[in-house]
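The structure appears right after this line, and notes come after that.
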Amino acid sequence: MSEDRLAEPLRKVLGTRTAGALEKLGLVTAGDLLRHYPRRYVEPGRMSDLASLVVGEHVAVMARVQQATVRDMRSRGGAMLQAKVTDGVRSLHLTFFARHRGSLRPHEDRLRPGRLGMFTGTVGEYRGELQLTHPEYQLVGVDADDEATVMLEASRPVPVYPASAAIPTWRIQRAVRTVLDPLDPADVPDPLPDEVRERRGLVDLHTALRLVHEPFSERDWQRARRRLRYEEAFVLQAALARRRAITAALGAVARPGASDGAPGLLAAFDERLPFTLTEGQRTVGEQIAHDLAQAVPMQRLLQGEVGSGKTVVALRAMLQVVDSGGQAALLAPTEVLAAQHVRTLRALLGPLAEAGMLTQAEAATRVVLLTGSQGATERREALLDAASGRAGIVVGTHALLGDKVQFADLGLVVVDEQHRFGVEQRDALRTRSGTTPHLLVMTATPIPRTVAMTVFGDLETSTLAQVPAERAGVTTHVVPADNATWVGRTWRRVREEVDAGRRAYVVCPRITSDDTTGVEGTDDADLLAGEGEGARPLHAVLDVAERLRADPALAGVEVGVLHGRMPAAEKDAAMARFADGRAPVLVSTTVIEVGVDVPEATVMVVLDAERFGLSQLHQLRGRVGRGRDPGLCLLLSSAEDGTDAATRLRTLAETSDGFRLATVDVQLRREGDVLGSSQSGGTSLRLLRVVDHAEVIEEARQDAVDVVGEDVTLLTRPVLARAIEAWLDPRREEFLDRT
Ligand code: ADP
Ligand code: MG
């Protein structure tokens, strides 16, 4: 069969030496090699004659070899080949250097006096004579039959491959030609359907491979790249579209809400809302309400800036499901956040959440908390409420995914702050009940649209752009950690805010100074590696709290601590003392990163700020300035000027636009970090950049949805199906599973 040609091991097609060297680059089959695209192209030299050479210019000249001699270089060691070429009147020197005489042998053999050739290189000057050092060259009668062909070859862009010490780029080029030249279009089946290619004006795969590896002009390789890049986007989007379609085919219970005329929780809730929904909350709410009423599982990503009011949107969705006789589960990444959600939901619902109590409203339900560190009695009761269906809303951490947790009729899963949850966990929850629940994923980490379409491509996306109410906003400053005056000023500033009745967070990367991992389950930061030598010890919550208690600037102020290793009850107590102002300074890990809502908090001091990611810092500072008083975020940093870390912090200080920050974040990190480590060594995204190629991704998504819509099985598209499978090999499964 024809595709066998691409599966052929290079060892069969090329010499073992070349094949062995290519294997070190991860290239094993003919197909691998053909997908190893040139990194860039060297433009051909300007056709010139020996009379008009200008030093520094990249030229191509037709000339005849006069002489070539190899000699050892006594002073520098190594060997050197000097040749002289002429047009009959003037002459030009060619120089090649090598460590050993033997390495110059191939040139010596080829550059025989009398041979005519085209020589390409940059004109240099040595002792008053013009010369080309290490020119590329094509010889008439050796590399090509006639002068015209040689001139044509010399005018082509020269591909430059990602190479290694084991194999230089020109040997890769030669290997590619050996593999590519004998192939017919039929040997290179194209995963892009013809109609898609036609619609987008793209060349077929066989042509693209020829043009990318053996272009005659810049236009050639540009066309090839455009097509190959499109293919990457298309195959990925087709994989995601198929995943969406397969989940949709699973079916779900439609949850249209209370039937007309019947008293419903949602209607009662809307009645008692103390504010009006923002335009965005209403629009997104309608989308979700519509999704929930379908018999296919909703798969929606709701993204919205910190403070954009996602909780209310989620709660209204949950109430619609409860009104339809089902239950909703809300998953939070930390116990602190889960506990806070329960408090918030109960406060928002008031008597509507008091089923079973005297105060209950007509259509009341129950909101229960289920966490790993709950007391046995409390937990047993919560489990019972979930299993019996008495609790309409169950809030918890991943303890919700434990085997013992049963729901009477789980209709909706809401995952808050998605980035801490993997898909396996969500799937575990889905299989917890007989049918597939609807799914709403919420994230406050702003994601550029195309990243969302790529990384979360199997979810429909809704965005809350506005932030409700007047929020005073946050001013951010970077404070050099080695400037004692500024640091002293920082703590006095904290004191001023406390004296004015407000609160301050102090965030540290570690819990204790001997804590070398800095990781505390899901509650702590994923720290960035330190830049530079001799990493300093990082600030630790317990040490910093002790120091601040002893700091005269904070005399008489109670300093609390909060971190993920504290028992749940202690965490709750610490949060409560902070919230009501008894302990107005809270030293903590990033456990407070997501969702914590204390309107009086106005200052956030982040220690070792350079060790946190941009999105994470943006999240953190979203904790202050939530009320009427303006927030202040002070980033203590010892990042050297000019480092990526310093750039990150400066960007953060300059902009409060989360979407813009996310884009910068993606650009500062390498693509592989964005799409997951599985991408770094894979064969998938070579030309596609999720930030730069938004339009390509949009178009590819439309096409992919069309193609998959026609035939989900892809039985009629075997080449595409195989390309998707290549995507879904174990390394890449991980990538899709991030959604
Ligand atoms: P996030 O999107 O960060 O989760 P929250 O849901 O915690 O934001 O909402 C932030 C604050 O804004 C909460 O105190 C919430 O009660 C309030 N809020 C939500 N929607 C509105 C609205 N339409 N008008 C006024 N305040 C609102
Ligand atoms: Mg939230």
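The values are calculated or read from the model by the stated rules, or taken from the named source; none is laboratory data. This one's a predicted model, so the numbers in the text were calculated from it and none came from an experiment. Methodologically, a virtual Cβ is constructed for each residue, glycine included, from the backbone with ideal geometry; neighbour enumeration extends over all protein chains shown.
Key figures
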| read-out | value |
| --- | --- |
| Some residue of the stretch 182-197 being part of a loop (DSSP other than H, G, I, E, B), acidic (Asp, Glu) and surrounded by 20 or more Cβ atoms within 10 Å (Cβ to Cβ) | yes |
| Test for Asp692: is it within 23 Å of Thr461 (Cβ to Cβ) and either at pLDDT 90 or above or touching a helix residue (DSSP H, G or I) at 6+ places or on another chain (Cβ under 6 Å) (or both) | no |
| Test: residue in the stretch 202-216 that is surrounded by 20 or more Cβ atoms within 10 Å (Cβ to Cβ), aromatic (Phe, Trp, Tyr) and away from ligand 2 (no atom under 16 Å from the Cβ) | no |
| Residue in the stretch 26-49 that is surrounded by the most Cβ atoms within 10 Å (Cβ to Cβ), counting only those that are at pLDDT 90 or above and of a type in the set (A, V, I, L, M, F, W, C) | Ala30 |
| Failed item in (1) part of a loop (DSSP other than H, G, I, E, B); (2) surrounded by fewer than 21 Cβ atoms within 10 Å (Cβ to Cβ); (3) within 16 Å of ligand 1 (Cβ to nearest atom), with Pro263 passing the rest | (3) |
| Selected residue (only one of Gly280, Gly261, Gly257 is over 24 Å from Gln702 (Cα atoms) and within 16 Å of ligand 2 (Cβ to nearest atom)) | Gly280 |
| Cβ-Cβ under 6 Å pairs, at least 6 apart or on other chains, the stretch 273-289 side assigned by TED's automatic domain parsing to the domain that holds Val312 and under 19 Å from Arg300 (Cα atoms), far side at pLDDT 90 or above and aliphatic (A, V, I, L, M) | Gln281/Val313; Val284/Val313; Gly285/Val313; Ile288/Ala317 |
| Any hit, the stretch 604-617, residues being hydrophobic (A, V, I, L, M, F, W, C), within 16 Å of ligand 1 (Cβ to nearest atom), surrounded by 16 or more Cβ atoms within 10 Å (Cβ to Cβ) and at pLDDT below 90 | yes |
| Single unsatisfied condition, Pro106 versus (1) assigned to a loop (DSSP other than H, G, I, E, B); (2) more than 24 Å from Gly56 (Cα to Cα) | (1) |
| Lone qualifier among Arg648, Arg611, Arg623 - being within 16 Å of ligand 2 (Cβ to nearest atom), assigned by TED's automatic domain parsing to the domain that holds Ser588 and within 23 Å of Val591 (Cβ to Cβ) | Arg623 |
| Within the stretch 304-333, tally of residues that are surrounded by 23 or more Cβ atoms within 10 Å (Cβ to Cβ), away from ligand 2 (no atom under 12 Å from the Cβ) and not in a helix (DSSP H, G or I) | 5 |
| Residue tally, condition within 19 Å of Arg492 (Cβ to Cβ) and either loosely packed, with under 15 Cβ neighbours inside 10 Å or within 16 Å of ligand 1 (Cβ to nearest atom) (or both), over the stretch 548-596 | 5 |
| Strands (runs of 3 or more DSSP E) (entirely within the stretch 436-491) containing at least 3 residues that are at pLDDT below 90, more than 18 Å from the chain's Cα centre (by Cα) and surrounded by 15 or more Cβ atoms within 10 Å (Cβ to Cβ) | 460-464 |
